[in-house]
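Have a look at the structure below, then the notes.
The values are calculated or read from the model by the stated rules, or taken from the named source; none is laboratory data. Keep in mind it's a predicted model, so treat the numbers as computed, not measured. Backbone-built Cβ (ideal geometry, glycine too); neighbour counts: all protein chains shown.
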């Protein structure tokens, strides 16, 4: 097998690894080992954050045009970014079982959209950031009432066609966003490795990036509404 073909299959295998890691996270949660569950989910987040760059580097579509890497990625993402964190949050008592209906259905709609990711590198509607949301709920140990309210709000936002920036690709303020994303990533790793007793001040500090991201989303949305369209 030519090295380039082998590399392309390797990228698809790398993407697919998110599925068994998600299953093992569920097994860990059923066993009561939530620390391991979040470690495994963090691994799936890392895979999803890096497999696209690997696919572009190898040009998997040119090498294996009969294998749809985007479809594989969507299947793995829906499982790992929606189903798995929902199960873990229920098993940990952070959500009632009925509440997972909200993210499961809304994210199903989100993944089914042909324009879930726009050509200019935005997510259309709230993206399925459920592992990240769930991790914050786990770290802060917020109440079920608060968690259900937040999940309901974010699930509704999936249906509203607001453009959420793709942190590593969206062009406006990209250098600043990348810098802030890097700092946030370091803090999230610190929280992860600090389990089961992560530093609360690090958790609160990491929310600065969340506020920045939401502020950037609102500002870009407002700019698109107020800037007059160019004449044809």
Helices (runs of 4 or more DSSP H) contained entirely in region 45-100, each with at least 1 residues that are assigned by TED's automatic domain parsing to the domain that holds residue 146 and within 25 Å of residue 148 (Cα to Cα)
69-78, 84-91
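To keep it simple, each residue is scored yes or no on (1) touching a helix residue (DSSP H, G or I) at 6+ places or on another chain (Cβ under 6 Å); (2) surrounded by fewer than 15 Cβ atoms within 10 Å (Cβ to Cβ).
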site: 100; (1), (2): yes, no
site: 146; (1), (2): no, yes
site: 149; (1), (2): no, yes
site: 153; (1), (2): no, yes
site: 158; (1), (2): yes, no
site: 166; (1), (2): no, no
site: 184; (1), (2): yes, no
site: 196; (1), (2): yes, yes
Selection status of residue 214, under 17 Å from the mean Cα position of the chain (by Cα), within 25 Å of residue 76 (Cα to Cα) and assigned to a helix (DSSP H, G or I)
no
Take residue 162 and tell me if it is touching a helix residue (DSSP H, G or I) at 6+ places or on another chain (Cβ under 6 Å) and at pLDDT 95 or above.
no
For region 113-132, indicate whether the set of residues that are assigned by TED's automatic domain parsing to the domain that holds residue 46, without any contact (Cβ under 8 Å) to a residue 40 or more places away in the chain and under 23 Å from residue 38 (Cβ atoms) is non-empty.
yes
Among (1) buried (at least 19 other Cβ atoms within 10 Å of the Cβ); (2) at pLDDT 90 or above, where does residue 55 come up short?
(2)
Do any residues in region 2-22 that are over 19 Å from residue 68 (Cβ atoms) have Cβ atoms under 6 Å from those of residues that are modelled with pLDDT of 90 or more, where the two are at least six apart or on different chains, and which pairs are they?
21/40; 21/43; 21/44; 22/44; 22/79; 22/80; 22/84
Taking the condition part of a helix (DSSP H, G or I), surrounded by 15 or more Cβ atoms within 10 Å (Cβ to Cβ) and at pLDDT 90 or above, does residue 126 pass?
no
Number of the condition not met by residue 31 [criteria: (1) surrounded by 13 or more Cβ atoms within 10 Å (Cβ to Cβ); (2) more than 14 Å from the chain's Cα centre (by Cα)]:
(1)
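Criterion first (outside the structural domain of residue 218 (by TED's automatic domain parsing), free of Cβ contacts under 8 Å to residues at least 40 places away in the same chain and either outside any helix (DSSP H, G or I) or closer than 23 Å to residue 24 by Cα (or both)) does residue 149 satisfy it? Break it down into steps so the answer makes sense when it comes.
Working: outside the structural domain of residue 218 (by TED's automatic domain parsing): yes; free of Cβ contacts under 8 Å to residues at least 40 places away in the same chain: yes; either outside any helix (DSSP H, G or I) or closer than 23 Å to residue 24 by Cα (or both): no.
So residue 149 fails the test.
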